[in-house]
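Everything below concerns the one structure shown next.
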Amino acid sequence: MDFRLPEEHETLRTEIRALLDRHVDDDVVEESHRTGTNHSAPLARALGEAGILARAMPGAGKDPLAMWLLSSEAEKAGAPFDSVGMSLVIAGVLDAVGTEHQKATALAGLLSGEELVCFGLTEPQGGSDLPAITTRATRVADGWVVSGAKMWTTMAHVADWVFLLARTESDAGRHGGFTVFIIPMDTPGITVDPIWTVSTERSNATFYDDVRVGDEAVVGEVDGGWAVMSLMLGFERGMASTGHLTPLLRRFRQWAVEAGVSADPLLRERMAQIAIDAQVSELLTQRTVWTAATGRPPGTEGSMAKVFATEAYQRHARWAQATAGPEGLLGLGEAGAAADGWIDYDVRHSIPMTLQGGTSEINRNNIAERHLGLPRAR
Ligand SMILES: Cc1cc2nc3c(=O)[nH]c(=O)nc-3n(C[C@H](O)[C@H](O)[C@H](O)COP(=O)(O)OP(=O)(O)OC[C@H]3O[C@@H](n4cnc5c(N)ncnc54)[C@H](O)[C@@H]3O)c2cc1C
């Protein structure tokens, strides 16, 4: 098998690296951790202006290699990129099933890098069982009234749009009777409360109190929200958040050199293992991308990439912290912290990585049932 990229993608990679070099420095990274907002407006705008966001948008007949290259280079560089990653997923959905109005407004805004979107899916009573959501959209004469609450609406405090899943019909079976809406965040009735996470990231609880929207907010078919969600989850899973071992290895190596222990054979062996796992994560992600490129839904491959990469990240980060000793427990900005606090950050960051976008258990169920043909676990 030939793992080399086609020449046009090598050129794209060089362009992406140059943009990241220009727009990501210590101040940008520090700001994203201080504010908890994994976003850099100048970087997003530059990617939009260069046409890279439009090129990296996922979907049938699109260029999955471009999306992977962008996510992977951004993750390796430690760039504040979550916001843009979310924009790309929803851009792909709107491109596939959005109306002309949605393409001219939300989609255009997202691809320019000027606007952001948040995902309003998970609710306070649980996120794995999405069909159990209770947020309702009720039909009224001039559109819809949305009422309910969402949890973990990351980026809601800076987003222009929310991609919201609501129940529109109660008696339509487990996967029927849902509708997806794309709603401007400044619509009256939406409120946003911060949730500070273990990883320094800010997420949010969002509340929808009799939020009135017109039919132009409906994405896809009324009561056909599950098909829209399947499309979205297929774009989200396993193509991003799999590249964090590379910065972890860089930071651990920095600590080992500074602490004068980089020649220790046991440390070197473990560092080699981290490098190998980083490579395996990359190959599994490439397989997900390749599956998408062939026009098949990459759900199972995405689950495999996500479980392997995020669990390896967590395992190695915890080892790095234990190895660095007490200084490994000191965080970003704390005097004397190992690797300037990045080892502690990696441990914290690796925790939500195995939860968001589908927990490891849910992804394992997916692999067991769809790939191995095992009986349903529930
Ligand atoms: C930092 C962060 C950011 C997030 N950002 C967003 C966002 O922007 N938008 C959004 O909508 N959501 C977001 N989420 C929510 C995320 O998608 C959910 O956390 C995830 O789906 C799991 O839901 P839950 O946390 O409610 O856990 P639950 O679904 O309540 O699960 C609890 C535990 O039970 C296990 N479990 C549940 N069902 C099964 C099953 N059938 N078989 C085996 N085990 C099971 C789970 O694996 C987990 O360990 C975010 C979460 C985090 C932590």
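Just so you know, all these numbers are worked out from the coordinates, no wet-lab data involved. Just so you know, these numbers come straight off a predicted model, no measurement behind them. Positions of Cβ are backbone-derived with ideal geometry, glycine not excepted, and every protein chain shown enters the neighbour counts.
A few notes on this one:
- For region 38-92, convex hull of alpha carbons as volume per residue, Å³: 63 Å³
- Here the 3J(HN,Hα) profile of region 38-53, calculated from phi with Karplus coefficients 6.51, -1.76 and 1.60 at θ = phi - 60°, is 7, 8, 10, 4, x, 5, 4, 5, 5, 5, x, 4, 6, x, 6, 5 Hz, Gly and Pro shown as x.
- Computed E for Asp26/Ala227 - FRET, C-beta separation, R0 45 angstrom, nearest 0.05: 0.55
- Spread over its residues, the convex hull of the C-alpha atoms of the chain is 147 Å³ per residue.
- Cα-based radius of gyration of region 237-371 once divided by 2.2 N^0.38 Å, which approximates compact folds: 1.14
- Built amide H within the under 5 Å cut-off of Glu123, gap 5+: Met151
- Long-range amide H partners of Ile195 with built H, under 5 Å: Ser203, Asn204, Ala205
- Over region 119-224, relative contact order from alpha-carbon pairs under 8 Å, at least 6 apart, %: 31 percent
- GNM result for the chain, Cα springs below 10 Å: residue of Pro64, Pro80, Pro352 fluctuating most strongly: Pro352
- Backbone N within region 290-332 under 18 Å of label point (7 Å from Gln273 Cα along the Cβ vector): 308-325
- A Gaussian network model of the chain, with springs between Cα atoms under 10 Å, assigns the largest mean-square fluctuation among Thr153, Thr323, Thr197 to Thr323.
- Karplus-based coupling profile of region 283-291, in residue order and whole Hz: 5, 5, 5, 4, 5, 4, 5, 4, 4, with θ = phi - 60° in 6.51 cos²θ - 1.76 cosθ + 1.60 and x standing for Gly or Pro.
- Shape of region 7-115, Cα gyration tensor, a/c cut at 1.5: oblate
- Computed helical MRE - 222 nm, the chain, DSSP H runs ≥ 4 contributing -39500 (n - 2.57), nearest 500: -15000 deg cm²/dmol
- Helix axis angle, 342-353 relative to the chain longest principal axis, alpha carbon, degrees: 30 degrees
- Mean separation of Cα contacts under 8 Å (6+ apart) over length of region 53-172, as relative contact order %: 22 percent
- With Cα atoms as the point set, the radius of gyration and Dmax of region 66-184 evaluate to 15.5, 50 Å.
- Acute angle (nearest 10 degrees) that the helix 245-258 long axis makes with the longest principal axis of the chain, alpha-carbon atoms: 30 degrees
- Efficiency of FRET between Gln254 and Lys103 - r from beta-carbon atoms, R0 51 angstrom, step 0.05: 0.70
- Summary value for the chain: 14 percent relative contact order, contacts being C-alpha pairs under 8 angstrom separated by 6+ residues.
- In units of the compact-protein estimate 2.2 N^0.38 Å, region 119-224 shows a Cα radius of gyration of 1.03.
- Cα centroid separation, region 224-282 to region 1-76 (Å): 17 Å
- Karplus-based coupling profile of region 58-70, in residue order and whole Hz: x, x, 4, x, 8, 10, x, 4, 5, 5, 4, 4, 5, with θ = phi - 60° in 6.51 cos²θ - 1.76 cosθ + 1.60 and x standing for Gly or Pro.
- GluC sites (Glu not before Pro) lying in DSSP loop within region 214-286, provided at most 11 other Cβ fall within 10 Å: none
- Cα long-axis angle, helix 82-97 against the chain (0 to 90 degrees, to the nearest 10): 40 degrees
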